[in-house]
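*Asks:* This is the structure I have questions about; it appears just below.
The values are calculated or read from the model by the stated rules, or taken from the named source; none is laboratory data. No experiment lies behind these values; they were computed from the predicted model shown. Counting neighbours? That spans all protein chains shown, and the Cβs are built from the backbone with ideal geometry, glycine included. Each accessible area value is taken on the protein alone, full model and side chains, heavy atoms only, with ligands, DNA and RNA left out. Shrake-Rupley method; radii C 1.70, N 1.55, O 1.52, S 1.80 Å.
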Amino acid sequence: MDDRPIGVFDSGIGGLTVLKEIMEQLPGEDIVYFGDTARIPYGTRSKETVIKYFFQSVRFLLTKEIKAIVVACNTASALAMEEAQKVFDVPILGVIEPGAKAAVSATRNSVIGVIGTEGTINSQSYQRKIRKMLPSAEIIGIPCPLFVPIVEEGWESTDVAFITAKKYLLELKEHNIDSLVLGCTHYPALRYTINKVLGDKVTMVNPAYETAKAGKIMLKEKGLLSSKLDGGKYHYYVSDDPEKFKRIGGNILRKEIASVQKVNIENL
C-alpha cells in the first residue's frame, strides 16, 4: 500500500474527464492535478515543444511526492510519453493504449473513427496501436482543433458546437464507422453533441474511462494502491486563470472546486 498522491496532467481543463473517472474508480486515492492552461492548446505545437512542456509539468508534479503520473492529454501521450518514461523514474500511464484497446473491443465492422487534435491525429499513435491489435481495421482520423476551445469556453451544448461537429464529422458518416475514439480528453464533454451528429449506431469510446481502469490495474500490480477505501483529497494547480478553471472544471466534475493554485511552470 502507498498513500502518496497520483499526479494527473493535462494541457488544460479536458483532463478533468480522466480525473472524474479516477475519482469514481479509485475513491481512496489522493490526487494532484496540473492543467497547463497558459499554454493550451498542445495539439498545434511541435513535438519538441510538447516534450518541453510535458517535462516541465512532470518536474512540478514530482515536487508533490507523487507515486505515479497519469497523462490525461492525448497529444502529450502521443508525442512525449515515451521520452518521459526514459527520463523520469516514476510510473507513467497515457491515454492512447487504453483507448485503442477499447476501440478494438467495441467495433463490429472494423471501421473505426478517431478524432483528436492535429498533433494526436498526425502522430498516427491511435492508428498504429489499433492496427497492431486489429490489422484488418480501417481507421479514419479527423483532427478537430476547434473542439478544445469550445469546451474550454463552456460552449459544448451550444449551436456553435453542433455546427462545428457537423462540419468535422461528415466524412466519418460517409465511411460508415461503427465506433469512434474520442481522442482528446476535452471531447467527452461533447458526447451529446457528437451523438446528435452521428446517431446511436456509433459507439463512442471514452479513453478517460479506459485510462482510469488501466491506472487501477497498474497501481495494483506495482503495490501502489492507497490503503484508504474512500475520502481521497484533491489538489488543483494551473498555469493561468484559476477562476476560469474553477468555473468550467466544476461543471465537468459535477462538483465544486474550492481552491486552485497558479504555478509559474516556466521556472521548472
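*Asks:* What are the ³J(HN,Hα) values, in whole Hz, obtained from phi via the Karplus relation 6.51 cos²θ - 1.76 cosθ + 1.60 with θ = phi - 60°, for each residue of the range 233-241 in sequence order, with x given for Gly and Pro?
*Replies:* With coefficients 6.51, -1.76 and 1.60, one gets 9, 10, 10, 10, 9, 9, 9, 6, 6 Hz.
*Asks:* Follow-up. Considering Cα pairs under 8 angstrom that are at least six residues apart, work out the relative contact order of the chain and quote it in whole percent. It would help to have the intermediate numbers written out before the result.
*Replies:* Details: 542 pairs, mean separation 77.7, N = 268.
This gives 29 percent for the chain.
*Asks:* Another question, if that's okay. Does the range 3-73 classify as rounded, prolate or oblate by the C-alpha gyration tensor (a ≥ b ≥ c root eigenvalues; a/c under 1.5 gives rounded; else a/b over b/c gives prolate, otherwise oblate)?
*Replies:* oblate
*Asks:* Using just the helices of the chain, give the 222 nm mean residue ellipticity in deg cm²/dmol: DSSP H runs with n ≥ 4 each add -39,500 (n - 2.57), and the total is spread over all residues, rounded to 500.
*Replies:* On the way: 12 runs with 122 residues, N = 268.
About -13500 deg cm²/dmol.
*Asks:* Just reorder ASP159, ASP36 by solvent-accessible area, largest first, 1.4 Å probe, all chains present.
*Replies:* Working: ASP159 120, ASP36 0 Å².
Descending accessible area places them as ASP159, ASP36.
*Asks:* Heavy atoms only, probe 1.4 angstrom, no DNA, RNA or ligands counted: give me ARG108, ARG59 ranked by accessible area, highest first.
*Replies:* Output order, biggest surface exposure first: ARG108, ARG59.
*Asks:* With label points built 7 Å along Cα→Cβ from the Cα atoms of GLU24 and ASN109, find their separation and express it in nm.
*Replies:* 2.9 nm
*Asks:* Between THR49 and ARG128, what is the label-to-label distance in nm when each label sits 7 Å out along the Cα-to-Cβ direction?
*Replies:* About 2.2 nm separates the two model spin labels.
*Asks:* Moving on to the next point. When you count, for each residue, the other Cβ atoms within 10 Å and take the mean per peptide, how do 45-55, 90-100 rank with the highest first?
*Replies:* Listed from highest to lowest mean packing, they are 90-100, 45-55.
*Asks:* Can you check how the C-alpha radius of gyration of the range 1-43 compares to 2.2 N^0.38 Å, as a plain ratio?
*Replies:* Numbers: Rg = 11.6 Å, N = 43, 2.2 N^0.38 = 9.2 Å.
It is 1.26.
*Asks:* Going by average Cβ neighbours within 10 Å, how do the peptides 16-27, 229-240 rank, with the highest at the top?
*Replies:* Those peptides, ordered most packed to least, come out 16-27, 229-240.
*Asks:* For the chain, report the accessible area per residue in Å² (1.4 Å probe, heavy atoms, rounded to an integer).
*Replies:* For the chain, the solvent-accessible area averages 45 Å² per residue.
*Asks:* Now a separate question. Nearest 0.05, what FRET efficiency do LEU229 and GLU174 give at R0 = 41 Å with Cβ-Cβ as r?
*Replies:* The calculated FRET efficiency here is 0.25.
*Asks:* Sort the range 120-160 into rounded, prolate or oblate with this rule: let a ≥ b ≥ c be the square roots of the eigenvalues of the Cα gyration tensor; rounded if a/c is under 1.5, and if a/c is not under 1.5, prolate when a/b is larger than b/c, oblate otherwise. It would help to have the intermediate numbers written out before the result.
*Replies:* On the way: a/c = 3.80, a/b = 2.88, b/c = 1.32.
Prolate, because a/c is 1.5 or more and a/b exceeds b/c.
*Asks:* Okay, next question. Leaving out ligands, DNA and RNA, and with a 1.4 Å probe, what % of the accessible surface on the chain is carbon or sulfur? Spell out each step's value before the answer.
*Replies:* Values: 5890 of 12010 Å².
Ligands and nucleic acids excluded, carbon and sulfur reach 49 percent.
*Asks:* Considering only Cα-Cα distances, which of the following residue pairs are longer than 24 Å: LYS67/LYS228; LYS167/LYS255; LYS167/LYS196; LYS132/LYS213?
*Replies:* Going by Cα-Cα distance, LYS167/LYS255 fall outside the 24 Å limit.
*Asks:* Also: So if I restrict to the alpha-carbon atoms in the range 188-252, what is the Rg, and what is Dmax, the biggest pairwise distance, in Å?
*Replies:* That works out to 16.7, 44 Å for Rg and Dmax.
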